[in-house]
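A.B. asks: I'd like to ask some things about the structure below.
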Amino acid sequence: MEQDWIWGLVGGLIIGSAAALFLLANGRIMGASGLLGGLVDGSGRSNWQERALFIAGLVLAPIPVASLYTEVDTHLTSNLAVVVAAGLLVGIGTRLANGCTSGHGVCGISRFSLRGIVATVFYLIAGGVSVLLFKHLLGVI
Amino acid sequence: MRNLFAFLAGSLFGVGLLVSGMTDTTKVQGWLDIFGDWDPTLAFVLAGAIIPMAIAWRFTEGRRPVVGGVFPNKPNPRLGRNLVIGSTLFGMGWGLAGLCPGPAMASLSYGGLGGLVFLIAMIAGMLAAPPISTWLEETPQPA
């Protein structure tokens, strides 16, 4: 669709506002993998309520908004082996790197953090290589 | 107050991810697919998100968070193997399914069984990461 980039920009501004609110109000970096990771492995026990409520909002708030769309679909592949492999890679990778698209990408780049910029360069290149390999060369996605 | 702000920030994040189209895996894979039918949407999302956040970082100078405490320090500039290897593994998985941690959670209500399977696998990966990290640190660096 031609308006996709406008919705991308609007959605991006909302995402950035969420990160700005979390930083200015609570003094915290809005990183999805870190907030969830610290909750599941117990390393974030000291502020588990803040983490759990952030995730509750993240999961629940899209429900009423999604009902405004005629169709909302993630178009995720039905190949569960691919889904499991991808989930494992994302889980291991984001915890090793201590951040994902929100923490390193949005929060890191916006403060000119070298770690954020380097991480973003590596996951963008790896993502491009992954699509090239699994879609165009191997044809599994 | 801290918990209320956390819930509001999470809610805004989830709505932003849905509105931007980033919970649609075809748009994410379309952005990464530079040799196919390339979709530039993700660049607009990232640019849109960085603008308010860059302003917010400027605003933190000489101030304190609303609920008290201090703002996070600038991270250690040391890059290290974990950052590079981790980001590479993350990127491979991101390209493979088109989901990263934020959208995986935001789309839980409409992502179907596949979305739930992804989330469970991702959590399993997160739990497997600390021993892998220890192993990587104990392996001698190549000269």
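A.B. asks: How do B:Val66, A:Val84 line up, fewest other C-beta atoms within 10 Å first?
C.D. replies: B:Val66, A:Val84
A.B. asks: Right, here's the next one. Among B:Thr60, B:Thr88, B:Thr41, which one shows the biggest mean-square fluctuation in a GNM of chain B, springs joining Cα atoms closer than 10 Å?
C.D. replies: B:Thr60
A.B. asks: Provide B:Leu17, B:Leu116, A:Leu68 in ascending order of the number of other Cβ atoms located within 10 Å of each residue's Cβ, fewest first.
C.D. replies: So the residues, fewest neighbours to most, are A:Leu68, B:Leu116, B:Leu17.
A.B. asks: If you don't mind, another one. Could you identify which residue out of B:Met53, B:Met105, B:Met92 has the top mean-square fluctuation in a GNM of chain B using Cα springs shorter than 10 Å?
C.D. replies: B:Met53
A.B. asks: What FRET efficiency comes out for B:Leu127 versus B:Lys74 if R0 is 25 angstrom and r is the Cβ-Cβ distance? Round to the nearest 0.05.
C.D. replies: Numbers: r = 29 Å, r/R0 = 1.17.
My answer for the efficiency is 0.30.
A.B. asks: Let me ask another. What nm distance separates the two modelled labels at A:Val40 and B:Arg58, each placed 7 Å from Cα along Cα→Cβ?
C.D. replies: 3.8 nm
A.B. asks: Another question, then. Residues of B:131-139, mean number of Cβ from any other protein chain within 10 Å of their own Cβ, rounded to a whole number? Mind showing how you got there, number by number?
C.D. replies: Numbers: counts 0, 4, 5, 0, 0, 1, 0, 0, 0.
Across B:131-139, the average partner-chain Cβ count within 10 Å equals 1.
A.B. asks: Return the average number of partner chain Cβ atoms within 10 angstrom of each residue Cβ along peptide B:22-33.
C.D. replies: Mean partner shielding for this stretch: 6.
A.B. asks: Now, a different point. Relative contact order, percent, of the range A:1-83 when contacts are C-alpha pairs under 8 Å separated by at least 6 residues?
C.D. replies: 12 percent
A.B. asks: To the nearest 0.05, how large is the calculated FRET efficiency for B:Ile120 and B:Ile34 if R₀ is 41 Å and r is the Cβ-Cβ distance? Write out the running numbers ahead of the final one.
C.D. replies: Details: r = 31 Å, r/R0 = 0.75.
Efficiency for this residue pair is about 0.85.
A.B. asks: Still on this structure, I have one more. Taking the Cα centroid of the range B:1-62 and of the range A:15-84, what is the distance between the two, rounded to the nearest whole Å?
C.D. replies: Here the answer is 12 Å between Cα centres.
FYI, it's all coordinate maths here, none of it is from the lab. Only a predicted model underlies this, so the values are computations on that prediction, with no experimental measurement involved. Glycine also receives a Cβ, built like all others from the backbone with ideal geometry; neighbour counts cover every protein chain displayed.
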